[in-house]
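Novice: The structure's right below; bear with me while I get my questions together.
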Amino acid sequence: MKYIQIGEKTIGIDEYRTQLFYDKKDVVNKICPCDYCQNYVYCCNRFPSELNKLFKELCINPEKANEVMEFFEDSRKKHLYASFYLVVGKVIKMIPENETIIDLTNEVSRLKKQNIIFDVSDVIFIKTNQKISPLIQVYLEISLPWVL
Ligand SMILES: [Zn+2]
């Protein structure tokens, strides 16, 4: 187990099973051919450094979202996206003693100042046919340029 602190939440991640999950999973733009998904994947390599760090620590490949949604184009020609990722792990109630906890609260706060929302929860509202448990859902809301 790898322990991560984000605000008041502590999560325990099964690194091995999460990595296995992402090794097997296809990139979003291979599953869905729409322009919104293509654009999202192209933007993944220009994410802010705080976001890259969060994805790295959570063992997530950002190009392999479980679901990507585009809402609208704003006045600055940016597209508001929401995306969902899965991680094998659970929200921990009691923080275990003598375990290293990686605190990523500052990264999430710095993203919030850039209007990027990043949240983790054990409530999974994007249906998945994966028979993996327990699962944590990662929610990302971010405005991205159109780079196609
Ligand atoms: Zn799509």
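Novice: Can you name the residue in the stretch 73-101 that is hydrophobic (A, V, I, L, M, F, W, C) and more than 21 Å from residue 22 (Cα to Cα) and is also modelled with the lowest pLDDT among such residues?
Specialist: Among those residues, the one meeting the criterion is 95.
Novice: Checking residue 74 against (1) more than 17 Å from the chain's Cα centre (by Cα); (2) surrounded by 17 or more Cβ atoms within 10 Å (Cβ to Cβ); (3) over 23 Å from residue 128 (Cβ atoms), which test does it fail?
Specialist: (2)
Novice: What about residue 115, is it farther than 16 Å from residue 6 by Cα, of a type in the set (S, T, N, Q) and in contact with a helix residue (DSSP H, G or I) (Cβ under 6 Å, 6 or more places away or on another chain)?
Specialist: No, not satisfied.
Novice: Are there any pairs with C-beta distances below 6 angstrom linking a residue in the stretch 103-117 that is at pLDDT 95 or above to a residue that is in a loop (DSSP other than H, G, I, E, B), with the two at least 6 apart or on different chains, and if so which?
Specialist: 105/7
Novice: With (1) of a type in the set (Asp, Glu); (2) part of a helix (DSSP H, G or I); (3) farther than 30 Å from residue 1 by Cα as the list, and residue 70 as the residue in question, which single condition is left unmet?
Specialist: (2)
Novice: Would you be able to say whether some residue in the stretch 9-24 is within 16 Å of the ligand (Cβ to nearest atom) and of a type in the set (A, V, I, L, M, F, W, C)?
Specialist: Taking every residue of the stretch 9-24 in turn, none turns out to be within 16 Å of the ligand (Cβ to nearest atom) and of a type in the set (A, V, I, L, M, F, W, C).
Novice: Can residue 90 be described as outside any loop (DSSP other than H, G, I, E, B) and out of contact with any Leu (no Cβ under 7 Å at 6 or more places or on another chain)?
Specialist: Judged against the criteria, residue 90 is a match.
Novice: Can you tell me how many residues in the stretch 93-144 are assigned to a loop (DSSP other than H, G, I, E, B), surrounded by fewer than 13 Cβ atoms within 10 Å (Cβ to Cβ) and over 16 Å from the mean Cα position of the chain (by Cα)?
Specialist: So the answer is 12.
Novice: Mind listing whichever residues of the stretch 30-48 are farther than 17 Å from residue 143 by Cβ, more than 9 Å from the ligand (Cβ to nearest atom) and either modelled with pLDDT of 95 or more or touching a helix residue (DSSP H, G or I) at 6+ places or on another chain (Cβ under 8 Å) (or both)?
Specialist: Once the filter is applied, which keeps residues that are farther than 17 Å from residue 143 by Cβ, more than 9 Å from the ligand (Cβ to nearest atom) and either modelled with pLDDT of 95 or more or touching a helix residue (DSSP H, G or I) at 6+ places or on another chain (Cβ under 8 Å) (or both), the stretch 30-48 yields nothing.
The values are calculated or read from the model by the stated rules, or taken from the named source; none is laboratory data. This is a predicted model, so every value here is computed, not measured. Note: ideal-geometry Cβ built from the backbone for every residue, glycine included; neighbour counts use all protein chains shown.
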